[in-house]
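Enquirer: Input: one structure, supplied below.
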Amino acid sequence: MEGSTGNSPAPPPAFRNRYWILRHGRSVPNERGLIVSSLENGTKPEFGLAPQGVEQARSAGESLRKELEEMGVPVDSVKICYSPFSRTTETARVVAGVLGVPFEGPSCKATVELRERYFGPSYELLSHEKYAEVWAIDEADPFLAPEGGESVADVASRLAGVLSSADVEFHGSAVLIVSHGDPLQIFQAVLSGAKENPSFLDDASDHCGESIAPRMIENCCSMLLPRPLC
């Protein structure tokens, strides 16, 4: 597993906050090898974290707490925005507990736009081996969605909205984004584009073809510990 290294760089003029991303810990769908991407299924309690995932979330919280302490960032400046899926909600709750941030308070916010990318009814609750079919579509055309699902462009658009809203709502905060593999990789592309050109957020979906199609990080290898983005 890879943790963040060093201090987060000072935010560029385009942003009012520092941002970190965190993928949820190992979940029951991960262990069962299932695609659970709809909001209806994803919020069911039975699709939350596996025991290993709870420990991973706790470790992520400790890593972030240590980094924030080294940076001199006060706990009261921490904001946690998380997908309402069970696996991300439980991850955010554990991390908040480690940091000493009241989960039911205003510093923690369920954000539906951070939900998992919906792969469509044809893939829902099927084997995760089916991801390869979606990724083939992404590589061919990031504007093309699986039947009834979301394209890379669709996800880029809603994640750009999250970033814009957070930068209006918060000021000088340490913002932790807790989401899922595909959305977080797309989020990184959106943030990278916005750092170069602030107007990128206004039409992020138009630019999504400029970056590589995302790949699901199934085993939490490189997003398990909080990664500073800006």
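Enquirer: Starting from residues that are under 20 Å from the mean Cα position of the chain (by Cα) and in contact (Cβ under 8 Å) with a residue 24 or more places away in the chain, keep the ones in the stretch 125-144 and report whichever is farthest from residue 46 (Cα to Cα). Walk me through it before giving the result.
Expert: Quick first cut of the stretch 125-144, residues under 20 Å from the mean Cα position of the chain (by Cα) only: 128, 131, 134-135, 138, 142.
The next check asks that each one be in contact (Cβ under 8 Å) with a residue 24 or more places away in the chain; those that pass are 128, 131, 135, 138, 142.
On the way: 128: 17, 131: 21, 135: 27, 138: 29, 142: 32 Å.
So, considering only residues that are under 20 Å from the mean Cα position of the chain (by Cα) and in contact (Cβ under 8 Å) with a residue 24 or more places away in the chain, the one farthest from residue 46 (Cα to Cα) is 142.
Enquirer: Let me ask you something else. Among the candidates 105, 120, 149, which residue alone is surrounded by fewer than 22 Cβ atoms within 10 Å (Cβ to Cβ) and modelled with pLDDT under 95? Explain how you work it out, then say what you get.
Expert: Numbers: 120 fails: modelled with pLDDT under 95; 149 fails: modelled with pLDDT under 95.
Among 105, 120, 149, only 105 is surrounded by fewer than 22 Cβ atoms within 10 Å (Cβ to Cβ) and modelled with pLDDT under 95.
Enquirer: Please go through the stretch 1-34 and give me each residue that is modelled with pLDDT of 95 or more, more than 20 Å from residue 94 (Cβ to Cβ) and buried (at least 16 other Cβ atoms within 10 Å of the Cβ), ordered by number.
Expert: Within the stretch 1-34, just 34 meets the criteria.
Enquirer: Still on this structure, please answer the following. Look at residue 136 and say whether it is loosely packed, with under 15 Cβ neighbours inside 10 Å and either touching a Gly at 6+ places or on another chain (Cβ under 7 Å) or closer than 20 Å to residue 186 by Cα (or both).
Expert: Numbers: loosely packed, with under 15 Cβ neighbours inside 10 Å: yes; either touching a Gly at 6+ places or on another chain (Cβ under 7 Å) or closer than 20 Å to residue 186 by Cα (or both): yes.
Yes: the conditions hold for residue 136.
Enquirer: Continuing with this model, one more query. Which of (1) touching a helix residue (DSSP H, G or I) at 6+ places or on another chain (Cβ under 9 Å); (2) of a type in the set (S, T, N, Q); (3) assigned to a helix (DSSP H, G or I); (4) within 23 Å of residue 38 (Cβ to Cβ) is the odd one out, the single condition residue 89 does not satisfy?
Expert: Residue 89 satisfies all of (1) touching a helix residue (DSSP H, G or I) at 6+ places or on another chain (Cβ under 9 Å); (2) of a type in the set (S, T, N, Q); (3) assigned to a helix (DSSP H, G or I); (4) within 23 Å of residue 38 (Cβ to Cβ) except (1).
Enquirer: While we're looking at this one, here's another question. Suppose we filter the stretch 70-119 for residues that are small (Gly, Ala, Ser), closer than 30 Å to residue 146 by Cβ and in contact (Cβ under 8 Å) with a residue 40 or more places away in the chain; how many remain?
Expert: In the first step, residues of the stretch 70-119 are kept if they are small (Gly, Ala, Ser); the result is 72, 77, 83, 86, 92, 96-97, 100, 105, 107, 110.
Keeping just the survivors that are closer than 30 Å to residue 146 by Cβ gives 83, 86, 92, 110.
Going one step further and asking which of them are in contact (Cβ under 8 Å) with a residue 40 or more places away in the chain, we end up with 83, 86, 92.
Total satisfying the criteria: 3.
Enquirer: With respect to residue 165, determine if the residue is modelled with pLDDT of 90 or more, surrounded by fewer than 22 Cβ atoms within 10 Å (Cβ to Cβ) and in a helix (DSSP H, G or I). Walk me through it before giving the result.
Expert: Details: modelled with pLDDT of 90 or more: yes; surrounded by fewer than 22 Cβ atoms within 10 Å (Cβ to Cβ): yes; in a helix (DSSP H, G or I): yes.
Yes, satisfied.
Enquirer: In this structure, does residue 103 turn out to be out of contact with any Lys or Arg (no Cβ under 6 Å at 6 or more places or on another chain) and either among the β-branched types (Val, Ile, Thr) or not in a helix (DSSP H, G or I) (or both)?
Expert: Considered against the rule, which asks whether it is out of contact with any Lys or Arg (no Cβ under 6 Å at 6 or more places or on another chain) and either among the β-branched types (Val, Ile, Thr) or not in a helix (DSSP H, G or I) (or both), residue 103 comes out as no.
Enquirer: I would also like to ask the following. State which residue is farthest from residue 50 (Cα to Cα) when the search covers only the stretch 65-86 and only residues that are of a type outside the set (Val, Ile, Thr) and in contact with a helix residue (DSSP H, G or I) (Cβ under 7 Å, 6 or more places away or on another chain).
Expert: 65
The values are calculated or read from the model by the stated rules, or taken from the named source; none is laboratory data. From a predicted model like this one, the values you see are computed outputs, not experimental measurements. Reconstructed Cβ throughout: ideal geometry from the backbone, glycine too, with neighbour counts over all protein chains shown.
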